[in-house]
Each structure stands twice: as structure tokens, then as C-alpha cells.
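The values are calculated or read from the model by the stated rules, or taken from the named source; none is laboratory data. Since the model is a prediction, treat every value here as computed from it, not as a measurement. Glycine also receives a Cβ, built like all others from the backbone with ideal geometry; neighbour counts cover every protein chain displayed. Calculation scope for accessible area: heavy atoms of the full protein, side chains included, ligands and nucleic acids excluded. Shrake-Rupley method; radii C 1.70, N 1.55, O 1.52, S 1.80 Å.
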Amino acid sequence: MISFKDKVVLVTGGSRGIGRAIAVAFARAGATVVISYAGNEAAAQETLGLIQEAGARGEAVRFDVADTAACASAVESLVKTHGRLDVLVNNAGVAVDGLVMRVKDEDWDKQLDTNLKGPFALIRAASRPMMKQRGGAIINLTSIVGEMGNGGQAAYSASKAGLIGLTKSVARELASRNIRVNAVSPGFIGTDMTAHLEAETREKMLASIPLGRLGSAEEVANAVLFLASDAAAYITGEVLKVNGGMYM
């Protein structure tokens with residue numbers, strides 16, 4: 001069984017969905033888990049309760065990942081409180097769909113700031129304590145649409161594609177300090193975002209997935225745990241697809 005005993009993990013966007021599943025999975029593996037959330041304090045407290053039910057220490061911290069100064073401050077405070085940072089999971093993200101001719105500048109900026117600039121700022125901040133420790137793991141949550149594109153999601157796809165480039169570049173920079181940087185690319189996952197799809201849209205989606213079903217948040221979490229663990233000690237700069245074969 002994978003163990004993160006005595007390890008400290010930061011999961012951004014950990015209040016619900018995939019982020020919550022990742023946070024709970026790390027807690028069950030023995031880690032101290034710090035989650036960030038942007039505004040839904042009730043959901044964050046629910047996740048914190050699940051972390052504690054798993055027998056782990058947890059903390060919920062509110063900050064906007066699009067605020068680079070807040071990212072730096074959050075990492076500094078975390079290391080001061082817990083003494084170290086072993087794993088950073090950049091999960092927080094936002095999508096504002098729209099045809100490219102109608103995308104507003106503010107919607108473009110919001111998605112790039114949250115989905116790409118935020119992870120960059122957190123990686124920049126986290127790399128310092130990880131370099132001092134001479135070890136660490138960074139996992140970025142990209143998306144299948146960052147690999148294959150999707151109509152109506154030009155900004156979101158661009159931000160997630162950029163995250164793949166960031167992953168590979170930083171993996172090369174930090175490898176000599178024993179810091180591994182990888183990405184997980186989920187396909188269509190059964191979360192609140194897909195629960196409200198119309199039946200026809202859902203059927204078309206399922207028809208494009210060789211395994212014939214949506215993935216679960218827990219399956220994405222399992223991939224993150226693997227890449228963060230010693231079992232993946234010789235893997236860096238990789239993009240692990242969790243998409244049921246929809247894009248190969």
C-alpha cells in the first residue's frame with residue numbers, strides 16, 4: 001500500500017469534486033493534507049471533516065490561486081506551520097465556455113490566470129522548500145481538452161495545454177534536485193459538472209469512450225497518488241491520461 005506517513009501535501013481546489021477525492025486519498029495514505037479553496041467554506045469544511053475521519057491531520061486555507069502573491073504567502077505559511085512541503089497538487093481550475101468569436105477578454109484572463117498562472121506561481125513558491133529538502137513531487141491536473149482541443153473551450157483548452165508545457169519544462173529544471181513534476185489528464189469524470197448533462201449529450205459522450213463509461217474522481221485520485229509516490233520515482237515530465245481510452 002502506498003504510504004505518505006509524515007508527508008505534507010497541498011491540494012488546491014480541494015473543497016469538492018476531483019480535488020476532494022485527491023485530498024481524502026492522501027489522508028487515507030497517512031499524509032497531513034492542506035486544501036485550498038476560493039470561496040465555498042462549507043464545502044471546504046466538509047472535505048476537512050473527511051480528512052479527519054480518515055485519521056489524518058488537515059487544514060483548509062482560503063486564497064485565490066490567480067493571485068500570485070497569495071500563492072507565495074500560502075506556501076510560506078504552510079511550510080512555517082508544518083515544517084515542510086512534500087507534494088503539491090495543482091488542481092484548482094475554472095472553465096468559461098464560449099465560441100472563440102464571443103470570448104470576452106476577462107473570461108480569457110480568468111481562465112489563464114487560474115488554470116496556468118496560478119500553478120506557475122505555486123510551483124515557483126513550492127520549489128524553494130522542496131529544493132532545500134532535496135526532494136518533492138508536483139502533480140498538475142490538466143485535461144483531455146488540453147491535448148485534443150474542444151469547440152467552445154478555446155481559452156480553457158489553451159490554459160490546460162500550457163500546463164502540459166509548464167510541467168515538462170519544470171520537470172527538466174528540478175530533476176537534479178530530486179523533484180519530480182508530472183501531470184494527470186482526466187477525460188470525462190462523473191462530478192457535479194457532468195451530472196447535469198442532457199441525456200443525448202451524455203450518450204454521445206459515452207459512445208466516444210472505448211471503456212463505455214465516465215471515470216470517477218477516485219480513479220483520478222489514484223493516478224495522482226501513484227505519480228506522487230515512491231512507486232513512480234523514475235517518472236518525471238509525464239502526462240498520465242485517465243480518460244477511458246477516449247484520446248490515446
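A few notes on this one:
- Selection count where residues are of a type in the set (A, V, I, L, M) and assigned to a loop (DSSP other than H, G, I, E, B), scope segment 146-184: 0
- Taking segment 1-92 as the region of interest, the strands (runs of 3 or more DSSP E) fully inside it that hold 3 or more residues being within 14 Å of the chain's Cα centre (by Cα) are 8-11, 32-37, 87-90.
- Residue check for SER143: over 26 Å from LYS7 (Cα atoms), among the hydroxyl-bearing types (Ser, Thr, Tyr) and modelled with pLDDT of 95 or more: yes
- Against the conditions (1) modelled with pLDDT under 95; (2) under 19 Å from the mean Cα position of the chain (by Cα), ARG124 satisfies every one except (1).
- Here ALA70 clears all of (1) over 27 Å from ILE2 (Cα atoms); (2) in contact with a strand residue (DSSP E or B) (Cβ under 8 Å, 6 or more places away or on another chain) except the condition numbered (2).
- Residue selected from segment 202-219 under the condition touching a helix residue (DSSP H, G or I) at 6+ places or on another chain (Cβ under 7 Å) and of a type in the set (Gly, Ala, Ser), by the criterion most open to solvent (accessible area, probe 1.4 Å): GLY212
- Enumeration of residues in segment 104-143 that are outside any helix (DSSP H, G or I) and buried (at least 24 other Cβ atoms within 10 Å of the Cβ): GLY136, ALA137, ILE138, ILE139, ASN140, LEU141, THR142, SER143
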